[in-house]
Amino acid sequence: MKKPSPLFTTLAAIVAIAAAAFTFRDQVPAVQKQASEWGIPINLPDWFKPSTQFGARRGDSNKPVRVGVLMKNEGLKPKYPVVIVPGFVTSGLQLWQGHNCSASFYRRRIWGSLEMGRTALRDLDCWLTHMRLDPKTGEDPEGIKLRALEGLEAIEWFMPGYAVWAKMTEGLSDIGYDPNMLETETFDWRLAVPKMQQRDKWFTRLKLRIENLRQLNEKKVAVLSHSWGDNVFRNFLVWVEGEVDGWTEKHVHTYVNIGGPTLGVPKSMSTYLSGETRDTAELGAIGNMLSNQVVPSHKRTWLFRTWGAGIGMLPNGGPRIWGNATWAPDDTDEMREHNHTFGAFMIENQLNKTMLAEKEAIRSPLWRAIFPWRHTAASLTDRVVKNHDIDAAMELVLANAGHDFRQHVKQWGAVHADPESRQCHVDAEKYFFDPLKCPLPKAPSLSLFCLYGIGVPTERSYYYNHRGTANATEGDPTNSHELWWIDVDAKEHDKNSTLEDGVRKCDGDATVPLISSGTLCRKHWRHKTLNPSGFRVVSREYPNKGKPGQRYEGTSKDAVSADHVGILSNEALIEDVLRIVSGHGDELQDDILSDIDKIVANIPLEQT
Amino acid sequence: MFRRLRTTSDRDTSESGTESGSVTPKGTAVSQGLEESQRQSSLGIQGEQPSSSNAPNTSQAPRRDGTSVDAGVQTLLSGDYVPAKRKRKRRRNACGCCFNKWTASFVAMAAIIYASRQPLTRMQDRVVDTISPIVPEWATNVVPEWASNSTELQRKLGIDIQMPSLFSEDDGSKRRPGRVLYEEGLRPKHPVIVVPGFVTSGLVLWEGKPCALRFFRERIWGSMTMTHSFVRNTLCWLEHMALDEKTGADPPGVKLRAAEGLEAVDYFMPGYHVWAKLIEALADVGYDSNMLVGETYDWRLAVPVLQQRDGYFTRLKNRIEVMHELHGEKVMVISHSWGDNVFRNFMVWASTFDREWVEQHVAVYSQIAGPTLGVPKSISSFLSGETRDTAELGFVAALLSDSMMPRNKRVSLFRTWGAGIGMLPSGGPGFWGNTTWAPDDTPEMRQQGTSYGPMLTEFKVSKEDALQAERHHSSLSEFIMHYLDKRATPADKDRVTHRHDIDSAMKILLADGDANFKEHVRNWAAVHVDSRSCKCDGHPEEYYFSPLNCPLPHAPSLHMFCMYGVGLPTERSYQYLNFQHPKTLVGTSEGRRERQAEVLWKINSESNEVNGTLDHGIRLSDGDGTVPLLSLGALCRKHWRHDKLNPSGIRLVSREYVHEVTTQFGFRGSGKSADHVDILSHDGVLSDIIRQATGHAADVHDEIHSDLDDIVAQISLHAD
């Protein structure tokens, strides 16, 4: 036998050493300690550390002690049973019936798992068809049934590593909650609120669940809602008061509204007009998936326009809240100096054929390669620009989104654009309620907490390109994306400009602007008109100290994030929630850090 | 890599000139190519490198690169074949050596990877967690299947419910019963509520000791996590699975709660379906989660504690009322296994508050494989921690084998589980037989003079053996093996010291247990040992009800179905070795306490009958593999059809399904298995359930395949 080659020897030695080291890795800390005593620092990669280190992956963060454990040591104990009402898109949907192409998906999460991404990539049309609702009825299309997954597991992790309610439930269980006192009523978040009752009897379900929890624990419940769950739950309150007078007073002790878009989100407008979703915090990873590269924008409008829930999120309150073409209540001083305003909700840039050609040429990579300095639309100075306020913008959306959509907005939206805008109907199986018209229930002992994040730039108004057409009336909903698209070239050269790639951004939590999350809580719900029994309302704001988007790492960095979904992992918020549900809500006062007081001062109390 | 190695070895064995001729240029080509490139590179750096230093590298180069893909191209470039022959020779030898060593090192590496697959998959989890946004498919498959044992990842990815193809029975060729019936026009009518059974649903850790930190809010039972946690730290796992000895509820600092919803009951583990097929069948005719719900519970708890700790009865009642209110139809309840006993207890409880409640809310009650009179297996579990091939646990049984978990640990774990106590055989000798006779004895057995009646047949163990056992007490099983090797004399009747009927067996069990256990048996079991037991007064938070004392509720329009499998050998009675000195059996408690850590009973697994029903010390009867026919069928067929236990005349239907083995792998059946758990995917059961749920309950009639009628004929109606 010849001598083995040096190469082989080396390799074998490496393998042997690695194997030995891996086998004895449990001894590594001791060795490290010894080495450091001798003054030799040893740094090892994470994966190499002893097996117990892997245990730290989940369930505990880099911080030695979780906020829940701290609270437990402080002596907090479960007091009120908790019902969680989750938000938009962040909970799982399960396929119960589908077409052939989705056979492998039967009873699995078609929404809310990694596999969803994969399958969507594999057969996009199939996936979209299943995610869609019937455009006419807003319910299940023929032969397809999606239902919400049940239980806490459906809302805790949206995807591996993407915590939604997980940290919150962890905190709650740390102080002693268990499924006997902690439940969730999930819903199919695509549905318009009236449809939730019509198809799934969701209001009845929630009512009975709360009653049962109250009966089992002999305590009124605390309801936690997130995002769209707030609108849903307030609609439920209106409905339930119509069913049983004084129900809320009897069954609900505290209502905690986390990041609720009480007046809607501007983002819904761009979504419905051109299918463009940008910087979608609540979608996270899915935002990428639904981006232009994967799902063409006409498919997106085709999908989104069937989702009644989105209609409920159209900005509500009209120009008095969202501003007119020259002014908005939440304009910053700096913007006023520069004559910019959030009030011009949609700035339309009409393009004729030649301008279009030029614009497209500018955007082409070749052009940019040749004239790198001319990649802004500087040459388009002679453009026709129209400023639309919220009402006019709404009219544009309605004109472009098709007849069905217009019908649905009338019933399922709380928007102010329609002259037929309703008063407060009690027919919850037909209508969505306008929070500016429907007062909160009469429940003097209820406390309402509005907890929301601030300090993240949030979409507020848009610069749109519009290719002019002959008939400006009811547009064909299938090609509106060809007529309208966000003007990503729109830029300002100020240092602190609020305009970014065609979208003007204001303070907020990256999804819901401050004006929507804060106004009602700070002003309107503290007055007799909308809060007749005068129960306690508390606004608490959480500044964003972490960087948005870091939540994927699942480390303590997300403990300070205040973006729309990340806020559920925010330790300050978790601490407050734990205090509230353990009966110390009285000790929590308003905590205002933003300009919300200046903003609400500009908004009249009475809405006409 | 391997392909390359094989070609080199082929070359080694072949001596033919043509072969070597075809090989040589390639080898040369590579070396030439390398020389060429090195020459070029040295040119590139202006000859800073002395050319002589290239020489040794060149000779090694071919070995490193083997047959390069570029070989063909390189051949054209090089014309010099002469030095190649020398090189070839060296190369061949070296590579021969390479082949062995390489293979060895690969095997070693594979072994290392396999051994360390746990950390590996956790690494993978980490990786996936970090790069979770849009992970390309390959990224989640970094670690090959065989090296991956993490289902945490799979669960989070949502892949877990898909079973590995080996275990998949749905080849698409079979018509699903749900689809057939859908085409027949059956549509959902009654909302369906599922009450799952013993051990087959998931338990989630809500509060734990530091050793279980990693498993916080994960399924410590009913997922691969369970295996993980178990293997990692058995004692820790046991500590968390056990209930408080005294209260039968949570021990201090540990909280396990049932996983919620249908997800908790459809698959026990990836690939091991429990309710999945039934849910699928109901979905095929149009059910969805609005009309089909599962009300899970912590199956370890005694029925009274279910209400005490979790308010389960209140929950179930509310749930049924909600479904009734939502859909305006009375509900159908499907229970499996132990879920039957739970639900019947619930009905007694609900009826005490409102006599008409069941009548008003429940249209159909279908119990599948319900152990109405308990299971003999519970005795052996409590006495010696032994369960033979437990059908409920399936391959998990292997996990609970002696090597993984000492029997005394198992016994003390099982004894804390109140549900097991509820499964102790009830009905006494009238049902289970006396020392010489039992109602379900087969004619052959009567001829042979054997009987199921003696629940426990006690074998003599000499004093010396017992002493030896104590000497070997560190490894009892070792000693037993030793002992059995010495005297493998099966069924030696002379060595039988006692035959115990069911009552006497219960006394032995109680004598073996401590005060807590006795108290619990009194309150949580329906056994026939105590006058205080078998109450029927609507206090489920205190007592478990005996089916023989508590009549079915007042519900004249209710349809009640007993559906169960037959044709599988099922544990019925036991032959035991008693290591305790016979004198101390009922003797002082001191001796017992001293040896409490030791299990003094062991199934005499050497005892067999060639043509009989005795198998390794266990006498087997007809049944579904877990519950004997007697317990499955007797009440349904006889007692519940009489006024005494069914005063309102509920319609009773017994349906038996004969077990058939048809799958290639004999694994989990393919709609034909009637095993205790597999029956939930039996085609006949699926069709019948759908008919019942869609309002055709009246069309489903009795179907008896076993000797049940002969058996019940021998059981007195008023067994006391």
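Some values worked out for this structure:
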| item | result |
| --- | --- |
| Every residue from the range A:147-176 that is in a loop (DSSP other than H, G, I, E, B) and more than 8 Å from chain B (Cβ to nearest Cβ) | A:Val164, A:Trp165, A:Ile175 |
| Total residues in the range A:572-589, condition within 23 Å of A:Ala559 (Cβ to Cβ) and either among the hydrophobic types (A, V, I, L, M, F, W, C) or touching a strand residue (DSSP E or B) at 6+ places or on another chain (Cβ under 9 Å) (or both) | 11 |
| Matching residues, the range A:190-248, being farther than 16 Å from B:Leu326 by Cβ, within 12 Å of another protein chain (Cβ to nearest Cβ) and in contact (Cβ under 8 Å) with a residue 40 or more places away in the chain | A:Leu213, A:Arg214, A:Leu216, A:Asn217 |
| The one condition in (1) touching a strand residue (DSSP E or B) at 6+ places or on another chain (Cβ under 8 Å); (2) surrounded by fewer than 22 Cβ atoms within 10 Å (Cβ to Cβ); (3) modelled with pLDDT of 85 or more; (4) part of a loop (DSSP other than H, G, I, E, B) that B:Arg355 fails to fulfil | (1) |
| Close pairs from the range A:252-277: first within 30 Å of A:Val581 (Cβ to Cβ) and assigned to a loop (DSSP other than H, G, I, E, B), partner among the polar types (S, T, N, Q) and modelled with pLDDT under 90, Cβ under 8 Å, at least 6 apart | A:Gly259/A:Thr511; A:Pro261/A:Thr511; A:Leu263/A:Asn316; A:Gly264/A:Asn316; A:Val265/A:Thr511 |
| Residue within the range A:94-116 that is more than 9 Å from chain B (Cβ to nearest Cβ), within 30 Å of A:Ala572 (Cα to Cα) and out of contact with any Asp or Glu (no Cβ under 7 Å at 6 or more places or on another chain) present | yes |
| Qualifying residue in the range B:530-541 (condition: at pLDDT 90 or above and of a type in the set (Lys, Arg)) | no |
| Selection status of B:Asn608, at pLDDT below 85, out of contact with any strand residue (DSSP E or B) (no Cβ under 8 Å at 6 or more places or on another chain) and either more than 29 Å from B:Ile508 (Cβ to Cβ) or surrounded by fewer than 21 Cβ atoms within 10 Å (Cβ to Cβ) (or both) | no |
| Boolean, A:Gly87 is under 30 Å from B:Glu207 (Cα atoms), of a type outside the set (Val, Ile, Thr) and either away from every other protein chain (no Cβ under 13 Å) or in a loop (DSSP other than H, G, I, E, B) (or both) | yes |
| Failed criterion for B:Asn290 (all others in (1) buried (at least 20 other Cβ atoms within 10 Å of the Cβ); (2) more than 11 Å from chain A (Cβ to nearest Cβ) hold) | (2) |
| Hits in the range A:172-193 (condition: small (Gly, Ala, Ser) and under 19 Å from A:Thr90 (Cα atoms)) | A:Ala192 |
| Single condition B:Ala212 does not satisfy, out of (1) in contact with a His (Cβ under 7 Å, 6 or more places away or on another chain); (2) buried (at least 23 other Cβ atoms within 10 Å of the Cβ); (3) of a type in the set (Gly, Ala, Ser); (4) at pLDDT below 85 | (2) |
| Condition check for B:Glu239: touching a residue at least 40 places away in the same chain (Cβ under 8 Å), in a helix (DSSP H, G or I) and of a type in the set (Asp, Glu) | no |
| Hits in the range A:573-600 (condition: hydrophobic (A, V, I, L, M, F, W, C) and out of contact with any Pro (no Cβ under 9 Å at 6 or more places or on another chain)) | A:Leu573, A:Ile574, A:Val577, A:Leu578, A:Ile580, A:Leu588, A:Ile592, A:Ile596 |
| Selection count, the range B:299-324, where residues are facing chain A (nearest Cβ under 10 Å), within 30 Å of B:Leu181 (Cβ to Cβ) and in contact with an Asp or Glu (Cβ under 8 Å, 6 or more places away or on another chain) | 1 |
| Where B:Ala505 falls short, out of the listed (1) at pLDDT below 85; (2) surrounded by 14 or more Cβ atoms within 10 Å (Cβ to Cβ); (3) at negative phi; (4) aliphatic (A, V, I, L, M) | (1) |
| Residues of the range B:358-382 that turn out to be part of a loop (DSSP other than H, G, I, E, B), polar (S, T, N, Q) and within 19 Å of the chain's Cα centre (by Cα), as a count | 0 |
| Counted residues, the range A:385-422 - those being modelled with pLDDT under 75 and in contact with an Asp or Glu (Cβ under 8 Å, 6 or more places away or on another chain) | 4 |
| Boolean, B:Val194 is more than 12 Å from chain A (Cβ to nearest Cβ), of a type outside the set (Phe, Trp, Tyr) and under 21 Å from A:Thr184 (Cα atoms) | yes |
| Residues being within 20 Å of B:Ile421 (Cα to Cα), surrounded by fewer than 21 Cβ atoms within 10 Å (Cβ to Cβ) and within 13 Å of chain A (Cβ to nearest Cβ) - total across the range B:235-286 | 2 |
| The lone exception for B:Thr296 - which of (1) more than 11 Å from chain A (Cβ to nearest Cβ); (2) among the β-branched types (Val, Ile, Thr); (3) surrounded by 24 or more Cβ atoms within 10 Å (Cβ to Cβ) it fails | (1) |
| Any hit, the range B:343-355, residues being without any contact (Cβ under 8 Å) to a residue 24 or more places away in the chain, within 14 Å of chain A (Cβ to nearest Cβ) and not acidic (Asp, Glu) | no |
| Where B:Val653 falls short, out of the listed (1) modelled with pLDDT of 95 or more; (2) under 21 Å from the mean Cα position of the chain (by Cα) | (2) |
| Residue within the range A:125-146 that is within 8 Å of chain B (Cβ to nearest Cβ) and among the hydroxyl-bearing types (Ser, Thr, Tyr) present | no |
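To keep it simple, each residue is scored yes or no on (1) farther than 21 Å from B:Asp709 by Cα; (2) crowded, with 24+ Cβ neighbours inside 10 Å; (3) at pLDDT 90 or above; (4) touching a helix residue (DSSP H, G or I) at 6+ places or on another chain (Cβ under 7 Å).
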site	(1), (2), (3), (4)
B:Pro425	no, yes, yes, yes
B:Gly430	no, no, no, no
B:Asp440	no, yes, yes, yes
B:Lys463	yes, no, no, no
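So that you can scan it fast, the table gives a plain yes or no per residue for (1) part of a helix (DSSP H, G or I); (2) surrounded by fewer than 22 Cβ atoms within 10 Å (Cβ to Cβ):
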| site | (1), (2) |
| --- | --- |
| A:Trp189 | no, no |
| A:Pro194 | yes, no |
| A:Gln198 | yes, yes |
| A:Arg205 | yes, yes |
| A:Leu213 | yes, no |
| A:Leu216 | yes, yes |
| A:Asp230 | yes, no |
| A:Phe236 | yes, no |
| A:Asp245 | no, yes |
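The values are calculated or read from the model by the stated rules, or taken from the named source; none is laboratory data. Bear in mind the structure is a predicted one, so any value in this text is a computation, not a measurement. Glycine gets a Cβ as well: all are built from the backbone with ideal geometry, and neighbour counts include every protein chain shown.
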